[in-house]
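Asker: Take this structure, written in structure tokens, and hold onto it; I'll ask about it next.
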Amino acid sequence: MTLSNDPRWLEFRRQMPIAGHWAFFDHAAVSPLPGPARDAIAAWLAEAAEQGGTAWAHWDRQVVKLRSSAAQLLGATTDEIALVRSTTDGVTLVAEGYPWQADDNLVVPADEFPTNQYPWMNLASRGVETRRVPTEHGQLDLNRLESACDSRTRIVALSWVGFLSGWRTDLKAAAEIAHRRGALLFVDAIQGLGAFPLDVRRTGIDFLAAGGQKWMLAPEGTGLFYVRRELLPKLRPLGIGAHSVIQGNDYTRIELSIKPTAARYEGGGPNMVGLIALGASLDLLIATGLPEIGQRILEITDDCCRRIEELGAKIVTQRDDPDHNSGIVTFELPDCDPLAVRKYGYTRKVALAQRAGKLRISPHAYMNDEDIDRLIETFREAKQLCRRS
């Protein structure tokens, strides 16, 4: 297979400085920054050093634009978007803000990333049960998920894409199950947002959180939280500070008039430089086209799977249904220590991950045949080294 190199992908690749140095197959970990984000950071740095706080209003306008871009990305309104530091922050806003009562429960797949387990498990001291639903080879059976729900289930929390399995869940179907059971759906979207299109209205998602440092190509310490507008009154406001109130910058007017929007969660000083970079990255992804990016990622991972299998590798990620495929592929390279293979890849400027005793690749849409060739050659060389050791 030869990947299409139409102008869209050539331009996207040109915006990724990493492409001139590494074959970077690790976007499910911490992604490289695109050129526009790098340039936005450089501009902020110069302004912060040369103008200080006099440039704050200019930075704030960029953050306002980011909120609009985030709303566009999700099919939400700007009032439903909070700018947070991480996925964990978003999970916590729901876990600690929801009006739980003793004997309530929530349902979550058992193989979720710790971020989407510990905040819920921490509610045990308040009498809230966390029901962890087993998966089969990383595949979430929605019938099994529904069977775990009962009349005391308040929230169903799950990842859009599994960080180990790469399984992409049908969020619309999951939302229908949660709502049928009288519960709300929380989605950890960090392994899908920026790689695939998502419309929170069409899917029926109630809450969503995603850090920016993976598929959204932004710095760590940045992220998005979505809450359906009608549910804002249901959550107890957390992280309340000077910027959580309607009067905002009027610091002498002390009235607890909390904003009627998700911005109420942005109480303290913002991570201006990180958010400005996130805005630049989102604008690049939106301009390139999320549906097209998603299709391109599936083409790349399909090609990677085929060529990896030709080397004798066992693909662990289930790839039978394109609707559940994602940008994450986990596999085993027989007779090779995955950590040693990952380390060898670094010597060849090929970045990949090792998770749970398996190798994991996660390519973004700007990658091409040359990158895949380097990946396969690295595995071929690693296998030879394994045989000698």
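Asker: In debye, nearest 20: dipole of the stretch 313-389 around its Cα centre with unit charges on the Cβ of K, R (+) and D, E (-)?
Answerer: Values: 14 positive and 12 negative charges, 105 e Å.
That gives the stretch 313-389 a dipole magnitude of about 500 debye.
Asker: Using just the Cα positions, wrap the stretch 1-157 in a convex hull and report its mean projected area in square nanometres, one decimal place.
Answerer: 14.9
Asker: Need one number: nm distance between label points at Leu45 and Ile240, each 7 Å from Cα along Cα→Cβ, rounded to one decimal.
Answerer: 3.9
Asker: Right, another one. Quick check on packing: order 52-63, 291-302 by the mean number of other C-beta atoms within 10 Å, highest mean leading.
Answerer: 291-302, 52-63
Asker: Go ahead and run the numbers for FRET between Glu370 and Val30, Cβ-Cβ distance against an R0 of 30 Å, rounding to 0.05.
Answerer: 0.85
Asker: Now for a different question. Amide H neighbours of Phe163 under 5 Å, counting only residues 5+ apart in sequence or on other chains, H built in-plane at 1.01 Å?
Answerer: Placed amide hydrogens put Phe113 under 5 Å from Phe163.
Asker: Before anything else, pin down the relative contact order of the stretch 40-287: Cα pairs under 8 Å, at least 6 apart, normalised by residue count, whole percent.
Answerer: It comes to 26 percent, rounded to a whole number.
Asker: Mind grabbing the base-10 log of I(q)/I(0) for the chain at q = 0.12, 0.13, 0.14 Å⁻¹? Debye formula, identical points on the C-alpha positions, no solvent, two decimal places.
Answerer: -0.95, -1.09, -1.22
Asker: Ok, one more. With labels modelled as points extended 7 Å from the Cα through the Cβ direction, what inter-label distance (nm, one decimal) is found for Ala102 paired with Thr252?
Answerer: The answer from the label model is 4.9 nm.
Asker: If packing is taken as the average count of other Cβ atoms within 10 Å, what order do 379-386, 78-85, 3-10 fall into, highest mean first?
Answerer: Working: 379-386: 16.1, 78-85: 21.6, 3-10: 12.9.
Listed from highest to lowest mean packing, they are 78-85, 379-386, 3-10.
Asker: Now for a separate question. Where both partners of a DSSP beta bridge lie in the chain, what percent of those bridges are antiparallel, to the nearest 5?
Answerer: Expressed as a percentage, antiparallel bridges in the chain total about 50.
Asker: Now for a separate question. Given the convex hull of the Cα atoms of the stretch 132-290, what is a quarter of its surface area in nm²?
Answerer: Convex hull of Cα atoms, orientation-averaged projection: 10.8 nm².
Asker: Going down the table (Lys65/Lys349; Lys172/Lys343; Lys214/Lys259; Lys172/Lys234; Lys172/Lys214; Lys65/Lys358), which pairs top 32 Å between alpha carbons?
Answerer: Lys65/Lys349; Lys172/Lys343; Lys65/Lys358
Asker: Mind checking which of Gly194, Gly268, Gly223 has the largest fluctuation in a GNM of the chain, springs on alpha carbons under 10 Å?
Answerer: The residue with the greatest mean-square fluctuation here is Gly268.
Asker: Compute the orientation-averaged projected area for the stretch 151-206 from the convex hull of its Cα atoms and round it to one decimal in nm². Don't skip to the answer; put the middle values down first.
Answerer: Working: hull surface 15.2 nm².
Projected over every direction and averaged, the Cα hull of the stretch 151-206 covers 3.8 nm².
Asker: Here is a further query. Explain nothing, just the number: dipole magnitude of the stretch 241-361 about its Cα centre with +1 on each Lys and Arg Cβ and -1 on each Asp and Glu Cβ, in debye rounded to the nearest 20.
Answerer: 480
Asker: Still on this structure, I have one more. What does the charge dipole of the chain about its Cα centre add up to, to the nearest 20 debye, if the Cβ of each Lys and Arg holds +1 and the Cβ of each Asp and Glu holds -1?
Answerer: Taking the Cα centre of the chain as origin, the dipole is about 440 debye.
Asker: Based on DSSP H assignment, which helices of the chain show an axial Cα extent of at least 20 Å together with a mean Kyte-Doolittle hydropathy greater than or equal to -1.0?
Answerer: Details: long enough: 35-50 (22 Å, 0.19); 56-74 (27 Å, -0.25); 272-288 (24 Å, 1.98); 290-310 (30 Å, -0.48); 369-388 (29 Å, -1.17).
Those that clear 20 Å and a mean of -1.0 are 35-50, 56-74, 272-288, 290-310.
Each value in this text was obtained by applying a stated rule to the coordinates, not by laboratory testing. Keep in mind it's a predicted model, so treat the numbers as computed, not measured. Every residue, glycine as well, gets a Cβ built from its backbone with ideal geometry; the counts of neighbours run over all protein chains shown.
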